[in-house]
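So the structure is just underneath, and the comments pick up after that.
The values are calculated or read from the model by the stated rules, or taken from the named source; none is laboratory data. These numbers were taken from a predicted model, which means no experiment stands behind them. In this analysis, Cβ positions are derived from the backbone assuming ideal geometry, glycine residues included, and neighbour counts consider all displayed protein chains. Side chains are part of the model used for accessible areas, which takes the heavy atoms of the whole protein and leaves out ligands, DNA and RNA. Shrake-Rupley method; radii C 1.70, N 1.55, O 1.52, S 1.80 Å.
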Amino acid sequence: MRIPTRFLAAASIAALSLFAGSAMAQEKLIIGTEGAYPPFNNLEADGSLVGFDIDIAKALCEEMKVTCEFVTQDWDGIIPALQAKKFDAIIASMSITPERLEKVDFSKKYYNTPPAVAVPKDSAITDVAGLAGKTIGAQSSTTHANYAEKHMADSELKLYPTADEYKLDLEGGRVDAVVDDIVVLSEWLKTDAGACCKILTPLPVDVEINGEGAGIAVRKGETELADKFTAAIAAIRENGKYAEINKKYFDFDVYGE
């Protein structure tokens with residue numbers, strides 16, 4: 001996904017300090033996220049981070065009994081920043097794909113939703129075949145951009161640093177359609193800004209491109225940390241915390257199959 005963007009500013013906020021009174025020193029983890037991908041993660045005007053990714057991260061940190069701090073990072077540089085040890089893990093709706101597994105290790109998924117296409121409400125496009133010769137917007141360096149490049153080769157692909165920017169161009173008629181996660185698009189369509197548009201269709205998942213769902217990325221070789229996140233995901237699924245967070249944002253189980 002991304003290029004340097006005016007929407008993101010480096011920010012860090014204390015997320016948890018649940019065991020501050022303990023005599024035992026607490027482990028601290030720095031979590032990298034994007035902050036421009038609602039409803040999963042978004043940096044508010046007051047500097048606070050909100051969204052499903054953020055609430056899940058806080059629940060996982062609590063389960064792991066660690067103190068966590070968040071840092072925002074442009075998407076294009078988020079894996080290099082992890083590798084440079086600017087943070088310890090990425091919790092930012094990052095799909096587990098073969099290409100990314102060459103660079104980082106992952107926990108098991110914490111959610112899995114399909115891609116979709118959105119178009120203006122008055123669009124004459126009625127199906128995916130109708131996208132041939134049209135201009136499609138997508139966020140750069142994302143699985144959705146890769147999907148469009150592979151499966152919509154007859155269309156012109158226009159890439160954007162953030163999802164916010166392609167939404168503005170779809171609303172303004174500067175692109176004919178956009179591709180992204182169906183939840184991201186559906187939530188946007190519920191807003192005043194998204195009233196312009198509609199979901200054309202969900203897209204079949206291409207596992208080679210879309211991966212196995214969104215996981216938590218850690219530096220290559222740090223499998224112990226990845227396994228701790230995996231165990232914590234299983235624990236919050238079991239104890240009901242995941243369902244509580246899920247219900248806050250969605251009316252279906254975003255975990256997927």
Margin query: If I take all pairs of Cα atoms in the range 47-117, what percentage of them are more than 19 Å from each other?
Written below: 40
Checklist line | Beta bridges per DSSP with both ends in the chain, % antiparallel, nearest 5 | finding: 60
Check: How long is the gain from Ala45 to Asp251 if the chain were fully straight, where each residue apart is worth 0.36 nm and the alpha carbon distance is subtracted?
Finding: 71.5 nm
Margin query: Give me the percent of accessible area attributable to carbon and sulfur for the range 113-207, probe 1.4 angstrom.
Written below: 50
Checklist line | Contour excess over end-to-end distance, with Cα ends at Arg174 and Asn239 and 0.36 nm allotted per residue | finding: 18.8 nm
Check: Lys103: which lysines have alpha carbons under 21 Å from its alpha carbon, excluding same-chain residues fewer than 8 sequence positions away?
Finding: Lys85, Lys86, Lys220, Lys228
Notebook entry, point to check: Where only protein heavy atoms count, and the probe is 1.4 Å, what is the accessible area per residue for the chain in Å²?
Noted result: 45
Next item on the list: Would you calculate the volume per residue, in Å³, of the smallest convex hull containing every Cα atom of the range 113-207?
Entry: 82
Next item on the list: Show that you can apply the helix-only estimate: for the chain, add -39,500 (n - 2.57) for every DSSP H stretch of four or more residues, divide by all residues, and state [θ] at 222 nm to the nearest 500.
Entry: -8500 deg cm²/dmol
Next item on the list: Grab every C-alpha pair in the range 160-257, bin the distances at 5 angstrom width from 0 up to the longest one, and report whole percents.
Entry: 2, 10, 16, 17, 16, 17, 12, 7, 4, 0
Item checked: Centre separation in Å (Cα based) which lies between the range 87-154 and the range 42-86 -> 21
Item checked: Cα long-axis angle, helix 52-64 against the chain (0 to 90 degrees, to the nearest 10) -> 20
Margin query: To check you understand DSSP bridge types, tell me what percent of the beta bridges within the range 113-207 (both residues inside) are antiparallel, rounded to 5.
Written below: 55
Next item on the list: State which stretch of the chain is the longest one without any exposed trypsin sites (Lys or Arg not before Pro), exposure meaning a DSSP loop state and at most 14 other Cβ atoms within 10 Å.
Entry: 7-64
Check: Once the Cα atoms of helix 223-239 and of the chain are each reduced to a long axis, what angle between those two axes, in degrees from 0 to 90 to the nearest 10, is obtained?
Finding: 80
Next item on the list: May I ask for log10 I(q)/I(0) of the range 58-179 at q = 0.11, 0.16, 0.17, 0.21 Å⁻¹, from a Debye sum over the Cα atoms as equal point scatterers with solvent left out?
Entry: -0.48, -0.87, -0.94, -1.21
Checklist line | Dimensions (Å) - the chain, Cα atoms, principal axes, largest first | finding: 65, 37, 35
